[in-house]
1. Residues of the range A:23-54 with amide nitrogen under 11 Å from the 7 Å Cα-to-Cβ point of residue A:15?
2. Mind giving me the FRET efficiency for residue B:191 and residue B:254? R0 is 22 Å, r the Cβ-Cβ distance, nearest 0.05 is fine.
3. Residues of A:70-77, mean number of Cβ from any other protein chain within 10 Å of their own Cβ, rounded to a whole number?
4. Which of A:137, B:154, B:244 comes first, and how do the rest follow, when ranked by fewest Cβ neighbours within 10 Å?
5. For a label point 7 angstrom out from the Cα of residue A:160 toward its Cβ, which stretches of the range B:132-168 have the backbone nitrogen within less than 20 Å?
6. Can you work out ³J(HN,Hα) from phi for every residue in the range B:336-350, in order, using Karplus 6.51 cos²θ - 1.76 cosθ + 1.60 and θ = phi - 60°, giving whole Hz and x for Gly and Pro?
7. Spelling out what I want: for every residue of the range B:126-143, take phi, set θ = phi - 60°, compute 6.51 cos²θ - 1.76 cosθ + 1.60 (Karplus), and round to whole Hz; glycine and proline get x.
8. For the peptides B:178-188, A:176-186, what is the packing order when you average, over each peptide's residues, the other Cβ atoms within 10 Å and list the highest mean first?
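Only the coordinates and a few stated rules stand behind these numbers; no lab work does. Owing to the predicted nature of the structure, the values given are computational and were not obtained by experimental measurement. Please note: Cβ atoms are built from the backbone with ideal geometry, for glycine as well, and neighbour counts cover all protein chains shown.
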Amino acid sequence: MATRKDGRTAEQLRAMICELKPLNQADGSARFQFGSTQVISGVFGPREGRASNRDSDESTITVTWNRGARMSGPREKEYEGIIRKTLEALVVRAQDPLCVIDVTVQEMLEGGSSLAAGLNAAVVGLVEAGVALHSLCAAVAVALLPDGSAALDPDSEEEAGAEAVVTVAVRASDNAILACTCDGAVSEVRLLGAVQAATDASKTIFTLVRMALEQRLETEQRCW
Amino acid sequence: KRRVPTCWNTEQSTGTKSFCLAQETLSVAPTSTSPFVRELREKNWIAHQPRIPWPCREVVGKMTDPADSIRALFPEQYLRKFIEEGIRPDERIFSAARETSFNRGMIRTADGSASVQLGKTIVVAGVMLSTFRPTVGTPDTGRLEVVVELGTVCSNRFPTWKPSDQAIAISHFVARTLKGAGVVDLKDLIIKKGAAAFILNISVTCLNYDGNVEDAALLAAVLALLDTKLPPVQVSETGEVVECEGEPKKLSVKKLPIALTQVLLINNNNEVEMLADPTAEEEDEANSSITAVLVLPLPLTSQTDAVDTAPVMLHKPGGMGLQAKQLRSVVSAARSRSLRLLPLLVKELK
């Protein structure tokens, strides 16, 4: 199998960084990096919601996606909806009725697989904020190339040259697919193959996230 | 005519009593110790403080039929009782889409137009052509812009002062799907390389919101493109785009994407149920949905092989988790839907 331009194999993810608490004002924050794609998330909450925003049964999650230096448009609105609905499936919402959890995702560097990085940062930010989750979730993008192959965690160049880019969010507890977006049409077989590849890759991300969280817990305990 | 769930004894809930019910529950606090509320909690009519559902604002004053008041006050339980019986409130089975009808060319002032009706959801799409100077990076590419408008005419749930988040997200979904499926080759829109190209401004307006605007808007957008004719133009010496002699040319549309949206609910056995082509009521109660778009090649034939081998786009914006097996059933449901629509589309595009 021919290697990709940066020397990776088809199933190889770029070097990932998961940093906790890069922001000290937010209740929880995380920085997630897939190679040259960097996203920071800030979580405020659970805190009291406005009358228009709150639900007497469960907490409300709002997501804001900010691009680096550019204006937000429909793409960002769609990403906000996808992340919000994914987080709604993860957060134990019944625990904090009438509360609002504000998640802000800021794209720092755009280098391909932005939605996946943003979702990962949002989930880790929630854990850092102490919001109860049913399970962890990891997102990976898969580029389906015109020559029939698949490339995990594509960079901007690979995304531009792909037939379709599939971003999949996988839940840790049962490997269920929480979210899936396609930027092009491919055969069903290739699509499900991409979903399977993403599910396998999500295990790497879970390992990384768990390591980062354990490290953070150690530092916290040492401070006390 | 409409099946009322059998567990609700209509003798118990007469008109006046259910109106009192409305008054009581709307103002009851979660820790209320009122004997009436306690009785309802014992009967499992309210498990917790119910949200004030927005349809209540519409039905106030019309609560004569007990089923209507239950529908307005406890929409989730109302829907669930139907799901238990294997049917939906409008008497469809889970996998059935609503009656679909469409036609094209009804707006003479637009360059292309189409309207789609999915049950009670009505959507009208119009294509307006404008020109622009292509960017230096892509001198031979035109543009495709989609705006889906969910205004006050379709429902009172949408804000009047700004486009709702849902409208913007649907606009982006339709634009992304049209571009990703390769419906129109943007290079066909060029008038003169580097000097002028067309922009296809697709404006989709919802006239009545009864759920599943995504499918309707996508289909209306594609049919409007299939109705669009490019006028004969050329670039003058001064650099302006002017009409020249010739016949308008039909826009070359290469693919026909057909979408099927299903909402996901958990039934009493803790399994995931999928309701195809949801109404607004079903969409409100189920907060997870999944859309599969099948991309059929044009020109359309009545042959079904095209549907079996058509490429697919999956759109699942978060929500309930699904396994790969369920994703496959979603795609096959989209195929069945395309097979059902195929004869209607072939007739329309002839």
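1. What the label zone holds, given the 11 Å backbone N cut-off, is A:35-36.
2. So the FRET efficiency works out to roughly 0.65.
3. On the way: counts 0, 0, 1, 3, 15, 5, 3, 10.
Mean shielding count: 5.
4. Working: A:137 30, B:154 20, B:244 11.
Least crowded to most crowded, the residues run B:244, B:154, A:137.
5. B:134-144
6. Per-residue couplings from phi come out as 4, 4, 5, 4, 5, 7, 3, x, 5, 5, 4, 5, 5, 8, 5 Hz.
7. Those phi angles translate into x, 10, 10, 9, 9, 10, 8, 9, x, 6, 5, x, 10, x, 10, 10, x, 10 Hz.
8. A:176-186, B:178-188
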